[in-house]
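The values are calculated or read from the model by the stated rules, or taken from the named source; none is laboratory data. If you're wondering where the values come from, they're calculated on a predicted model, not measured in any experiment. Cβ atoms come from the backbone with ideal geometry, glycine included; neighbour counts cover every protein chain shown.
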Amino acid sequence: MTGPGLNWPQQAIGVAAVATWLALLAAAAVAVRRRWNGADSPARREWSRKLVHIGSGAVVPIAWATGIDRLLALPAAAAITVVAALNHRLRLLPAVEDVGRPSYGTVAYGASITLLLWQYWPQQPAPVAAGVLVMALGDGLAGLVGPLVASPSWHVLGQRRSLVGTAVMAGASLLMLVLLRLALMALGPGLAAPPWPSLVAIAAAATLLEQVAIGGIDNLSVPLGVAWLWQQFS
């Protein structure tokens with residue numbers, strides 16, 4: 001329900017669940033940063049940032065499950081994006097921006113969620129979940145595993161990409177899409193989802209979009225692209 005007839009107790013529970021999750025995620029990121037801040041490997045110094053990147057993907061399923069309304073979800077996402085932009089500038093929470101290269105990925109990530117909520121929420125939550133989960137798990141795991149496992153690599157517009165990282169991105173993206181489709185099937189036959197072969201095409205498109213990551217732009221292009229494709233194939 002949207003508007004004055006909101007179930008405010010339910011909304012309060014949803015907001016509390018999201019806020020609690022984000023607080024736990026921030027605390028975990030700070031703990032990881034303290035543990036690995038002095039690590040010799042630049043990849044390990046980014047673990048706290050990747051933890052936030054991956055963990056933030058759970059916000060959309062939580063909001064979906066608790067029925068958070070557009071009137072709350074959209075301003076909250078926009079506010080978090082503004083906070084991310086300020087943090088990028090001022091480094092108020094270094095664990096979120098602990099990256100050794102110029103990147104606006106965190107800001108782009110928040111902006112993509114805000115745009116997806118504006119476009120689809122709450123009538124069509126599945127495209128939002130698809131876009132965010134693929135970016136969170138696919139790109140996040142690729143960024144963790146890729147630098148740690150030696151494999152052939154190449155550069156796209158100055159950004160290093162590896163065979164292992166790209167394979168992880170493709171596999172994790174497809175897994176997230178499959179799990180989302182299974183969840184929709186379990187929720188009821190009236191919920192539209194792409195046919196199974198289309199999930200492979202969406203995962204492939206996400207992997208290609210992730211290749212172009214200059215300045216963290218993939219945090220915007222991948223969620224928006226995946227959500228649009230999910231909706232088109234549905």
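Annotations
- Any hit, segment 27-38, residues being in contact with a Lys or Arg (Cβ under 8 Å, 6 or more places away or on another chain), at pLDDT 85 or above and assigned to a helix (DSSP H, G or I): yes
- Pairs meeting the criteria (first residue in segment 6-28 and more than 11 Å from Ala63 (Cβ to Cβ), second residue outside any helix (DSSP H, G or I), beta carbons under 8 Å, at least 6 apart or on different chains) are Leu6/Asp69; Asn7/Met1; Asn7/Gly67; Gln10/Gly67; Ala26/Leu93.
- Qualifying residue in segment 219-234 (condition: over 16 Å from Val156 (Cα atoms) and surrounded by fewer than 13 Cβ atoms within 10 Å (Cβ to Cβ)): yes
- Any hit, segment 89-105, residues being buried (at least 20 other Cβ atoms within 10 Å of the Cβ) and modelled with pLDDT of 95 or more: no
- Any chance Ser48 is modelled with pLDDT under 95 and assigned to a helix (DSSP H, G or I): yes
- Some residue of segment 220-232 being more than 19 Å from the chain's Cα centre (by Cα) and at pLDDT 95 or above: yes
- Criterion applied to Val168, Val222, Val212, Val226 was being in contact with a helix residue (DSSP H, G or I) (Cβ under 8 Å, 6 or more places away or on another chain) and over 18 Å from Leu144 (Cα atoms), and the one residue passing it is Val226.
- Helices (runs of 4 or more DSSP H) contained entirely in segment 126-213, each with at least 3 residues that are at pLDDT 95 or above and either surrounded by 14 or more Cβ atoms within 10 Å (Cβ to Cβ) or not aromatic (Phe, Trp, Tyr) (or both): 163-187, 196-211
- Options Ala79, Ala16; residue that is modelled with pLDDT of 85 or more, farther than 25 Å from Met176 by Cβ, under 18 Å from the mean Cα position of the chain (by Cα) and surrounded by fewer than 19 Cβ atoms within 10 Å (Cβ to Cβ): Ala79
- Between Met169, Met176, the distinction of being within 14 Å of Leu209 (Cβ to Cβ), in contact (Cβ under 8 Å) with a residue 40 or more places away in the chain and out of contact with any strand residue (DSSP E or B) (no Cβ under 7 Å at 6 or more places or on another chain) belongs to Met169 only.
- Restricting segment 1-13 to residues that are in contact with a Gly (Cβ under 9 Å, 6 or more places away or on another chain) and of a type in the set (S, T, N, Q), the residue that is modelled with the highest pLDDT: Gln11
- Of the residues Ala213, Ala203, Ala186, Ala170, the single one that is more than 14 Å from the chain's Cα centre (by Cα) and more than 16 Å from Ala136 (Cβ to Cβ) is Ala186.
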